[in-house]
Each structure stands twice: as C-alpha cells, then as structure tokens.
Amino acid sequence: LAESADEVDELVVYFRSAGEDATRLAGAAPPSVSPDRRALLRRVPLGVVGVVVPWNWPYTMAAELVAPALAAGNTVVWVPAPSTSACSLLLAEVVSEADWPPGVLNVVAGDGPEVGDAVVGHPL
C-alpha cells in the first residue's frame with residue numbers, strides 16, 4: 001500500500017513536470033550550456049503515440065511516456081499490462097474529467113501478444 005501511494009505521488013510529479021515543460025515548447029529559447037550557442041525549442045507533435053508498459057510500477061512507467069506525449073500535443077494509445085488494466089482504466093477516467101478533448105488518452109486493455117503487438121506493429 002505504501003508503494004502504491006508513492007507511485008501515485010510520482011505520477012503527479014510526471015504530469016506536473018510535463019505540463020510545465022509544455023509551456024516552454026512554443027519556440028522558447030532556453031539557456032544554453034555554451035555561451036556562444038543559442039538553443040531553440042520547437043514543438044512538433046508526432047500524432048499518435050503508442051505506449052505499452054509492463055506490470056511493475058504501472059503508473060510511474062506509463063506516466064514517464066504518457067505525460068510528455070500528451071503535453072507535446074500528441075494523442076496516446078496506452079496498452080497496460082493485463083494485470084494492471086483496472087488501475088490504468090481508472091487513471092484514464094480521471095484524465096477524462098480534466099476537460100481534455102475526447103480520445104486524447106485511450107487505454108486498450110487486453111492480452112499483451114494480441115493488443116500490445118497490434119499497437120507496436122501498426123504502421124502509423
């Protein structure tokens with residue numbers, strides 16, 4: 001139970017960090033490590049990002065990929081491990097209450113070789 005609470009805390013940190021990063025994606029000029037160079041950031045969404053995660057740390061491992069993908073303007077098809085699909089569907093429900101457009105985060109639960117392979121092997 002304690003590890004679960006810690007993982008939810010980490011999930012929040014990943015989503016907050018991605019949200020903060022998103023405010024710097026619109027042509028921002030972050031400081032460069034070299035004084036004679038200038039760094040520019042440009043946001044170019046990929047489109048649909050497929051995320052397949054294992055059973056251990058189902059929120060943290062997913063949040064590392066889902067949060068930045070969403071913050072950068074992509075939609076996500078998330079395939080959780082079959083043993084963690086209930087908590088993954090719960091997180092998708094919470095996200096749906098965040099007033100985002102429908103279909104931004106999609107959870108597809110099912111057997112890994114069937115569902116995960118279909119997402120990973122899809123040409124788009």
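The values are calculated or read from the model by the stated rules, or taken from the named source; none is laboratory data. Owing to the predicted nature of the structure, the values given are computational and were not obtained by experimental measurement. Because the Cβ atoms are built from the backbone with ideal geometry, glycine has one as well, and the counts that use them run over all protein chains shown. Just so you know, the surface numbers come from the protein's heavy atoms only, side chains and all, with ligands and any DNA or RNA stripped out. Shrake-Rupley method; radii C 1.70, N 1.55, O 1.52, S 1.80 Å.
Worth pointing out:
- Count of residues meeting criterion [open to solvent by less than 70 Å² (accessible area, probe 1.4 Å), out of contact with any strand residue (DSSP E or B) (no Cβ under 8 Å at 6 or more places or on another chain) and either among the aromatic types (Phe, Trp, Tyr) or under 19 Å from Ala63 (Cβ atoms) (or both)] in region 92-124: 1
This table checks each residue for (1) at pLDDT 85 or above; (2) more than 30 Å from Leu1 (Cβ to Cβ); (3) touching a Pro at 6+ places or on another chain (Cβ under 9 Å).
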residue	(1), (2), (3)
Thr23	no, yes, no
Pro45	no, yes, no
Val48	yes, yes, no
Trp57	yes, no, no
Met61	yes, no, yes
Pro80	yes, no, yes
Glu97	yes, no, no
Pro101	yes, yes, no
Val115	yes, no, yes
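- Which listed residue, of Gly19, Gly73, is open to solvent by less than 80 Å² (accessible area, probe 1.4 Å) and part of a loop (DSSP other than H, G, I, E, B): Gly73
- Residue match in region 61-69 (condition: open to solvent by 50 Å² or more (accessible area, probe 1.4 Å), over 25 Å from Pro113 (Cβ atoms) and touching a residue at least 24 places away in the same chain (Cβ under 8 Å)): yes
- Out of Thr84, Thr75, Thr60, one residue alone is touching an Asp or Glu at 6+ places or on another chain (Cβ under 7 Å) and polar (S, T, N, Q). It is Thr60.
- Restricting attention to region 45-60 and to residues that are touching a residue at least 12 places away in the same chain (Cβ under 8 Å) and in a loop (DSSP other than H, G, I, E, B), the residue that is nearest to Val12 (Cα to Cα) turns out to be Trp57.
- Residue in region 96-105 that is within 11 Å of the chain's Cα centre (by Cα) and touching a residue at least 12 places away in the same chain (Cβ under 8 Å) present: yes
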